[in-house]
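The values are calculated or read from the model by the stated rules, or taken from the named source; none is laboratory data. What you are looking at is a predicted structure, and each value in this text was computed from that prediction instead of being measured. As a convention, Cβ positions derive from the backbone with ideal geometry for all residues, glycine included, and neighbour counts pool all protein chains shown.
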Amino acid sequence: MKALLVGGGGREHAIAKSLAKSGADLYAVMGNQNPGIRRAAREVLVHDITDVATVVAWAKSRGVDIAVIGPEAPLAAGIVDALDVAGVPAVGPDREAARLETSKEFTRDLMREHKIPGLVNYWAFHRLPDFRDWLRECDFEFVIKPVGLTGGKGVRVWGDHFRSKKEAEGYAEEILEHKVGGQARFLVEEKVVGEEFSLQALCDGSRLLPAPLAQDHKRALENDEGPNTGGMGSYSDADHLLPFLSRGDYDAALSTMRATIDAMAARGTPFRGILYGGFMATRDGVRLLEYNVRFADPEAMNILPILEDDFASLCERVVDGNLPATARFKRKSTVCKYVVPAGYGTKPKAGARIKVDEAEIAKAGAELFYASVDEHDGHVFTTTSRALAVVGVAKSLQEAESVSEAGLKSVQGDVYVRHDIGTPASIARKVERMRALRSRKE
Ligand code: GLY
């Protein structure tokens with residue numbers, strides 16, 4: 001099978017490894033020179049991945065049988081629609097189905113219309129005076145979300161990113177004036193409190209195949225402080241749940257996603273590809289925070305390394321519409337820690353050389369995924385985004401965390417890592433926070 005892979009991050013390196021393990025011939029298009037993907041691929045095109053016409057023409061000229069799209073930007077640009085016209089089936093939604101990620105308002109309206117569980121109260125604004133009127137009446141904490149794509153960095157939460165109505169108004173003004181997320185429109189949602197978790201699933205338009213749960217860490221600094229980022233690292237547990245969640249929480253998240261797939265099929269816009277639900281486990285049950293229409297990054301690096309079934313065959317079954325209900329994943333824990341350029345989250349330092357001793361990382365038993373780095377003359381350099389990830393896979397979370405740390409010792413440069421991710425202390429804090437929340441009386 002000849003497979004086109006679009007994207008040059010850590011998630012795409014994980015997809016590349018899985019496709020290569022399945023024996024696929026890989027043709028990769030990416031905006032940066034990711035050395036891991038380059039080595040896994042038969043051929044690489046370094047080019048703007050949202051230049052749909054060029055990417056599709058290149059894929060066509062290479063005779064690819066199937067395409068796997070990593071990030072949201074080419075999906076938002078309509079790459080799947082264009083590949084379809086060119087006769088190349090893709091693991092990824094067309095532009096209409098991609099609205100589950102590209103328009104937060106579309107998702108909330110769909111949930112309301114189809115009575116999908118997990119909805120929070122929300123309001124949409126495109127005029128500042130309307131928001132000011134709303135603010136005057138408001139007596140609860142809320143979240144402001146630009147309607148469109150912001151790379152995970154546009155959501156502002158009361159208490160975390162702003163602390164007064166005046167500051168909220170300031171951010172609203174910024175969204176409307178600068179069209180943050182591409183549109184002068186934003187949602188306001190009631191703030192829900194709890195622990196976030198990620199459920200990723202393959203979808204074939206009507207069926208959904210869920211992967212083990214994982215938890216990302218969005219804040220730049222240890223103890224979940226500092227600005228929001230694309231995600232600093234993540235973990236998953238050997239029982240495929242998370243230490244602070246019950247089976248009931250997992251079932252609730254899965255019901256929300258199944259109901260969404262049903263609703264998309266019912267409106268004549270079936271969802272094919274990867275659906276990733278970002279959920280919050282709250283005192284009152286599970287709430288959907290947002291959908292993404294792709295694998296999560298970093299969480300793809302938790303689930304793909306433990307997938308036992310053949311990934312390329314599952315991709316074929318996504319596009320053929322005959323996805324099985326389940327797949328086999330190893331009963332192993334995983335801990336993924338991203339290495340990012342110094343200053344990431346505020347002023348990331350691009351162009352710094354990183355020394356990566358791949359042999360030593362492998363000797364430590366860890367897996368390496370290159371992300372948004374560039375490679376020149378055999379050396380690896382930072383860009384302004386996440387550089388590489390080191391993943392430990394082991395019997396327990398504690399062991400997986402130690403393996404990741406052992407691997408990280410062989411990465412040197414002007415870089416930063418959140419070492420707290422997946423540590424026993426960090427996980428115990430989450431379990432305790434959730435326990436306290438659940439036992440709290442109103
Ligand atoms: N886990 C964050 C993201 O993929 O957007």
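A few notes on this one:
- Qualifying positions in the range 23-66 - assigned to a helix (DSSP H, G or I), of a type in the set (A, V, I, L, M, F, W, C) and buried (at least 16 other Cβ atoms within 10 Å of the Cβ): I37, A40, V52, V55, V56, W58, A59
- Applying the criterion of at least 2 residues that are in contact (Cβ under 8 Å) with a residue 60 or more places away in the chain and within 11 Å of the ligand (Cβ to nearest atom) to the helices (runs of 4 or more DSSP H) found wholly in the range 208-320 leaves 300-303.
- Taking the criterion of being of a type in the set (G, A, S) and within 15 Å of R11 (Cβ to Cβ), the residues of the range 363-419 that qualify are A371, S372, S385, A387, A389.
- Among the residues of the range 84-123, those that are of a type in the set (A, V, I, L, M, F, W, C), part of a loop (DSSP other than H, G, I, E, B) and farther than 14 Å from L289 by Cα comprise A86, V88, A97, A98.
- If the condition is being touching a Lys or Arg at 6+ places or on another chain (Cβ under 8 Å) and either part of a strand (DSSP E or B) or surrounded by fewer than 19 Cβ atoms within 10 Å (Cβ to Cβ) (or both), then the range 414-427 contributes D414, V417, H419.
- Scanning the range 242-299 for residues that are of a type in the set (G, A, S) and farther than 19 Å from L149 by Cα yields S246, G248, A252, A253, S255, A259, A263, A265, A266, G268, A281, G285.
- Search result, residues across the range 321-353 that are under 28 Å from A24 (Cβ atoms) and not in a strand (DSSP E or B): G321, N322, L323, P324, A325, T326, A327, R328, K330, R331, K332
- Condition check for I175: in a strand (DSSP E or B), away from the ligand (no atom under 16 Å from the Cβ) and free of Cβ contacts under 8 Å to residues at least 60 places away in the same chain: no
- Contact map, the range 15-30: first residue touching a residue at least 24 places away in the same chain (Cβ under 8 Å) and farther than 10 Å from D310 by Cβ, second residue part of a strand (DSSP E or B) and aromatic (F, W, Y), Cβ cut-off under 8 Å, separation 6 or more or different chains; pairs are K17/F369.
- Any hit, the range 195-217, residues being surrounded by fewer than 17 Cβ atoms within 10 Å (Cβ to Cβ), farther than 22 Å from D109 by Cβ and of a type in the set (A, V, I, L, M): no
- Restricting attention to the range 1-17, the residues that are away from the ligand (no atom under 16 Å from the Cβ) and either buried (at least 22 other Cβ atoms within 10 Å of the Cβ) or of a type in the set (A, V, I, L, M, F, W, C) (or both) total 5.
- Given (1) under 28 Å from K430 (Cβ atoms); (2) crowded, with 23+ Cβ neighbours inside 10 Å, index of the condition R283 fails: (2)
- Residue that is nearest to E72 (Cα to Cα) [pool: residues in the range 135-172 that are surrounded by 13 or more Cβ atoms within 10 Å (Cβ to Cβ) and acidic (D, E)]: D160
- Selected residue (criterion: nearest to T382 (Cα to Cα)) from residues of the range 304-341 that are of a type in the set (V, I, T) and in contact with a Leu (Cβ under 6 Å, 6 or more places away or on another chain): V339
One line per residue, one yes/no per condition, for (1) buried (at least 21 other Cβ atoms within 10 Å of the Cβ); (2) among the β-branched types (V, I, T); (3) at pLDDT below 95; (4) on the phi > 0 side of the Ramachandran plot:
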| position | (1), (2), (3), (4) |
| --- | --- |
| A366 | yes, no, no, no |
| G378 | no, no, yes, yes |
| A400 | yes, no, no, no |
| V411 | yes, yes, no, no |
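This table checks each residue for (1) more than 16 Å from the ligand (Cβ to nearest atom); (2) more than 19 Å from P210 (Cβ to Cβ).
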{"position": "L323", "(1), (2)": "yes, no"}
{"position": "A327", "(1), (2)": "yes, no"}
{"position": "T334", "(1), (2)": "no, no"}
{"position": "A350", "(1), (2)": "yes, yes"}
{"position": "E358", "(1), (2)": "yes, yes"}
